[in-house]
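J.: The following block contains the structure, expressed as structure tokens.
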Amino acid sequence: MSLLLSARAVTASPLPLIQAAEARRLGIRLDPSTHARLRKGIYVDRAAYLALKPWERYAVRVHAFVLRHPSAVLCLESAAVVHGLPLFGAPRDIHVYDPGRTASRRFGDVAVHTWDDPRDVDEVDGILVTALVDTVVDLGRVLQPAPALAVADSAVSPAQGGTASLADLRDRSSGQSTKRGRARLRWLWDHVDGAAESPGESVSRAVIEGAGFPQPELQREFRYEDCLDRVDFHFAQTRAIGESDGWQKYALDDPDAAVRRLADEKRREDRLRRNGHPFARWDLSDAWRVDPLARALRAAGIRSVRPRDVAFLATLTRRTR
């Protein structure tokens, strides 16, 4: 299955959280063999928790922390969970913003941050978080380029529910005094594209550039045989089309719908091929590994236009902090 399913953050806890006091009232025995303790007095079903994907377990941890500390203001990756921004893997820490502190500190798995420049604070579904624009800028300073691009694209993409603008992001970062991550932000603002419709597309664009291929046009439409087809990527030099696949778009939880969608997709691809468009397909796991994506592009007749950026591609192995 495509790792694209990992890319969208989980805004609500994927598992019910069990409070010790309530468990006692209901007669539920919180045995360590059956229940995992996430924070003092907060538990989840152990087997169900271990069966979750890493990014889902992180979301559960964040919501358990909020249940224990409802007045805390989340920031960075923890705020990203609540804002619905993409996450890749499982971040190590719960991140909290405390403007009243004179220095940032760590308490176990909780990193408490303070900055010289104030952050706006919003309430989302009853949870206090740094505002969307602040969250994206803060992550842009510390994340590696590909995950940072997925975060920023998501924040400005209407198709992904984004409500920010690139101008908002630029203005917020330019008004801050910190020098940390300025080079990363310059790269990021030059590459953000609100036409990106999934985190997989964002990561793919970063990899395509780092691997030395020409940058494609996003969401290009073609009308052939009385049909309108929209594609993820169009490489104008060769007329090649690229598709970053996520299996969720085929509705695999509904077998009948999945059969119909797969058949429609096959007819669509055949139609585009008949009209002179070589086709390349890959999924998010292919993009992270670089070579499978590069092979798919070369097989579609797309040639590199610059040497590989080895240092850039090396950052793809460091997705979490």
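J.: Determine ³J(HN,Hα), in whole Hz, for all residues of the stretch 38-51 in sequence, where each value follows from phi through the Karplus function 6.51 cos²θ - 1.76 cosθ + 1.60 and θ = phi - 60°; x replaces Gly and Pro.
T.: Going residue by residue, I get 9, 8, 4, x, 10, 10, 9, 4, 5, 4, 5, 5, 5, 7 Hz, with x marking Gly and Pro.
J.: Given that just one value was derived from the coordinates, which of [x] 1.01; [y] 0.97; [z] 1.04 is Rg/Rh (Cα atoms, Kirkwood Rh)?
T.: Matching entry in [x] 1.01; [y] 0.97; [z] 1.04: [x].
J.: Next up: What relative contact order, as a whole-number percentage, does the stretch 181-237 give when Cα pairs under 8 Å and 6 or more residues apart are counted?
T.: 24
J.: OK, next. Taking amide H atoms as placed 1.01 Å from N in the peptide plane, list the residues 5 or more away in sequence, or in a different chain, whose amide H sits under 5 Å from that of R220.
T.: Excluding prolines and chain starts, which carry no amide H, the hits are V231, H234.
J.: Find the relative contact order for the chain and round it to a whole percent, using C-alpha pairs within less than 8 Å whose residues are 6+ positions apart. Present the calculation step by step, with values, prior to reporting the outcome.
T.: Details: 549 pairs, mean separation 50.8, N = 321.
Contact order relative to length: 16 percent.
J.: Tell me, D45, D168, D125 in order of fewest to most beta-carbon neighbours within 10 Å?
T.: D125, D45, D168
J.: From the helices alone, meaning DSSP H stretches of at least four residues, give me the mean residue ellipticity at 222 nm for the chain, per-run term -39500 (n - 2.57), in deg cm²/dmol to the nearest 500.
T.: My calculation for the chain gives -12000 deg cm²/dmol from helical runs alone.
J.: Once amide H atoms are placed 1.01 Å from N in the peptide plane, what residues at a sequence separation of 5 or more from H35, or on another chain, have their amide H within under 5 Å of its amide H?
T.: Here the answer is R46, since their amide H atoms fall under 5 Å of that of H35.
J.: Check V73: other-chain or 5+ apart residues with amide H under 5 Å from its amide H, H built from backbone geometry?
T.: Those qualifying (amide H under 5 Å, at least 5 residues apart or on another chain) are Y97.
J.: Hey, another quick one. Can you give the % of DSSP beta bridges in the stretch 203-317 that are antiparallel, to the nearest 5?
T.: 65
J.: Let me ask something else. Assuming a ≥ b ≥ c are the square roots of the Cα gyration tensor eigenvalues, decide whether the stretch 203-317 counts as rounded (a/c under 1.5), prolate (otherwise, with a/b larger than b/c) or oblate.
T.: On the way: a/c = 2.68, a/b = 1.43, b/c = 1.87.
In terms of gyration-tensor shape, oblate.
J.: Moving on to the next point. Gap in Å between the Cα centre of the stretch 40-71 and the Cα centre of the stretch 110-180?
T.: When both Cα centres are located, 24 Å separates them.
J.: Rounded to the nearest 5, what % of DSSP beta bridges with both residues in the chain are antiparallel?
T.: 70
J.: Within the stretch 3-177, what percent of beta bridges assigned by DSSP are antiparallel, to the nearest 5?
T.: 70
J.: Write out the trypsin sites (Lys or Arg not before Pro) in the stretch 123-196 meeting two conditions: DSSP loop, and at most 12 other Cβ atoms within 10 Å of their Cβ.
T.: Loop-located and lightly packed - K179, R180.
Every number in this text was worked out from the coordinates using simple rules, so none of it is lab data. Small disclaimer: the values here were computed from a predicted structure and weren't measured. A quick note on method: Cβ atoms are made from the backbone with ideal geometry, for glycine too, and the neighbour counts reach across all protein chains shown.
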